[in-house]
Amino acid sequence: MHDISLSRARLPATLEIEVLDEFGEAKRQAIAAERALTVYLNKREIVTLMTLGADPEALVVGYLRNQGLLADQHDLQAVHVDWEVEAAAVVTRHLPEDLEERLGQRTVTTGCGQGTVFGRLLEATSLRPLPATVMRQSVLYQLLDNLGAYNETYRSAGAVHGCALCRQEAVLDFVEDVGRHNAVDTLAGRQWLLAAESADADVFYTTGRLTSEMVLKVAQMGIGVLVSRSGVTQKGVELAERFGVLLIARAKGRHFQAIHGAGRLELDAVPARRPGDRVRA
């Protein structure tokens with residue numbers, strides 16, 4: 001391949017945070033990194049990608065190639081990633097003649113790994129303060145049990161995510177879709193269109209990962225507790241702290257990991273230990 005000025009800005013894909021488990025014990029947990037990377041093509045802002053940061057130059061080039069914004073590898077002159085400003089600058093000899101048309105006619109896919117957001121949303125500071133909702137452990141367990149009556153499409157066909165608006169242990173509204181972002185967007189729309197049904201929602205449940213986009217969307221809905229059976233990402237943790245969202249990740253059966261739970265999580269149903277449960281040294 002011809003010479004390209006290329007940065008080597010790889011970052012670790014995981015980092016550790018402290019979580020609180022169902023026994024009330026603090027422990028270290030590895031979580032996936034999530035970093036915003038705004039892509040500039042010949043100084044034109046194209047998109048903000050959410051990424052682990054493990055191979056950012058390849059990600060940027062691949063994204064531009066798959067979007068039809070880079071037609072020939074020989075056009076590439078430079079790909080420089082600077083994590084201090086969360087930006088990737090791509091320099092190419094030629095741009096598509098229909099660049100403006102391409103950028104104006106984007107189709108957002110339903111896949112869970114879409115991974116693009118409008119960069120300025122991550123800088124949101126105008127959200128109204130969220131209620132400091134308290135979650136009791138016993139209520140969390142009851143909610144997880146109640147959610148078992150839903151997930152109809154998942155049980156019969158799989159390949160979907162589910163999201164729910166809840167009032168403590170009561171499930172007020174539940175949506176399944178092929179992408180978790182579609183499901184949460186549908187509930188956000190219903191929250192406005194059918195206000196009576198979900199006006200008192202104070203807990204949001206999702207089967208998907210607790211990423212920055214998921215935290216931001218729930219905060220925009222005015223809900224202060226976000227529960228998932230899946231894990232959490234670095235940027236999700238950061239935004240949850242900024243907006244005041246209690247995260248409860250990996251919530252399955254009687255297990256969970258709470259983040260930012262001080263004063264918000266009441267441990268009133270600590271389960272008995274079973275053989276094989278790890279005890280913190």
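The values are calculated or read from the model by the stated rules, or taken from the named source; none is laboratory data. No experiment lies behind these values; they were computed from the predicted model shown. Cβ: placed from backbone, ideal geometry, glycine included. Neighbour counts: every protein chain shown. Side chains are part of the model used for accessible areas, which takes the heavy atoms of the whole protein and leaves out ligands, DNA and RNA. Shrake-Rupley method; radii C 1.70, N 1.55, O 1.52, S 1.80 Å.
Scan region 28-54 for residues that are over 22 Å from the mean Cα position of the chain (by Cα) and in a strand (DSSP E or B) and jot them down.
Hits for region 28-54 are 40, 41, 44, 45.
For the subset of region 55-68 comprising residues that are charged (D, E, K, R) and not in a loop (DSSP other than H, G, I, E, B), which member is most open to solvent (accessible area, probe 1.4 Å)?
65
Any residue at all in region 69-85 that is of a type in the set (S, T, N, Q), crowded, with 16+ Cβ neighbours inside 10 Å and modelled with pLDDT under 90?
no
Do we have any residue at all in region 23-32 that's free of Cβ contacts under 8 Å to residues at least 24 places away in the same chain, under 30 Å from residue 229 (Cα atoms) and surrounded by 18 or more Cβ atoms within 10 Å (Cβ to Cβ)?
no
How about region 184-206: which of its residues are closer than 28 Å to residue 52 by Cα, at pLDDT below 90 and not small (Gly, Ala, Ser)?
184, 185, 186, 187
Residues that are aliphatic (A, V, I, L, M), in contact with a strand residue (DSSP E or B) (Cβ under 6 Å, 6 or more places away or on another chain) and at pLDDT below 90: does region 11-18 have at least one?
No: region 11-18 contains no residue that is aliphatic (A, V, I, L, M), in contact with a strand residue (DSSP E or B) (Cβ under 6 Å, 6 or more places away or on another chain) and at pLDDT below 90.
Given the structure, is residue 108 open to solvent by 20 Å² or more (accessible area, probe 1.4 Å) and either at pLDDT 90 or above or on the phi > 0 side of the Ramachandran plot (or both)?
It is false that residue 108 is open to solvent by 20 Å² or more (accessible area, probe 1.4 Å) and either at pLDDT 90 or above or on the phi > 0 side of the Ramachandran plot (or both).
Considering each residue of region 8-22, count those that are touching a helix residue (DSSP H, G or I) at 6+ places or on another chain (Cβ under 8 Å) and open to solvent by less than 20 Å² (accessible area, probe 1.4 Å), and give that number.
2
Which of the residues that make up region 236-246 are open to solvent by 10 Å² or more (accessible area, probe 1.4 Å) and free of Cβ contacts under 8 Å to residues at least 60 places away in the same chain?
Hits for region 236-246 are 238, 241, 242.
Taking interchain pairs and intrachain pairs at least six residues apart, which have beta carbon atoms under 8 angstrom, with the first residue in region 1-20 and within 13 Å of residue 80 (Cβ to Cβ) and the second open to solvent by 60 Å² or more (accessible area, probe 1.4 Å) and charged (D, E, K, R)?
That search, which allows pairs on different chains as well, returns 7/82; 9/82.
Need the failing condition index for residue 18 against (1) in a strand (DSSP E or B); (2) farther than 21 Å from residue 238 by Cα, just the number.
Unmet condition: (2).
Before we move on, is residue 11 assigned to a loop (DSSP other than H, G, I, E, B) and of a type outside the set (Phe, Trp, Tyr)?
The answer is yes for residue 11.
Taking strands (runs of 3 or more DSSP E) that fall entirely within region 193-281, which contain at least 1 residues that are of a type in the set (Asp, Glu) and under 23 Å from the mean Cα position of the chain (by Cα)?
Answer list for region 193-281: none.
Output the number of residues of region 33-47 satisfying the condition of being in contact with a helix residue (DSSP H, G or I) (Cβ under 9 Å, 6 or more places away or on another chain) and open to solvent by 30 Å² or more (accessible area, probe 1.4 Å).
Residues flagged as in contact with a helix residue (DSSP H, G or I) (Cβ under 9 Å, 6 or more places away or on another chain) and open to solvent by 30 Å² or more (accessible area, probe 1.4 Å) within region 33-47 amount to 3.
The rows are residues; the columns are (1) among the charged types (D, E, K, R); (2) closer than 19 Å to residue 130 by Cα; (3) surrounded by fewer than 23 Cβ atoms within 10 Å (Cβ to Cβ); (4) in contact with a Ser or Thr (Cβ under 6 Å, 6 or more places away or on another chain).
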position	(1), (2), (3), (4)
171	no, no, yes, no
202	yes, yes, yes, yes
207	no, no, yes, no
234	no, no, yes, no
256	no, no, no, no
267	no, no, yes, no
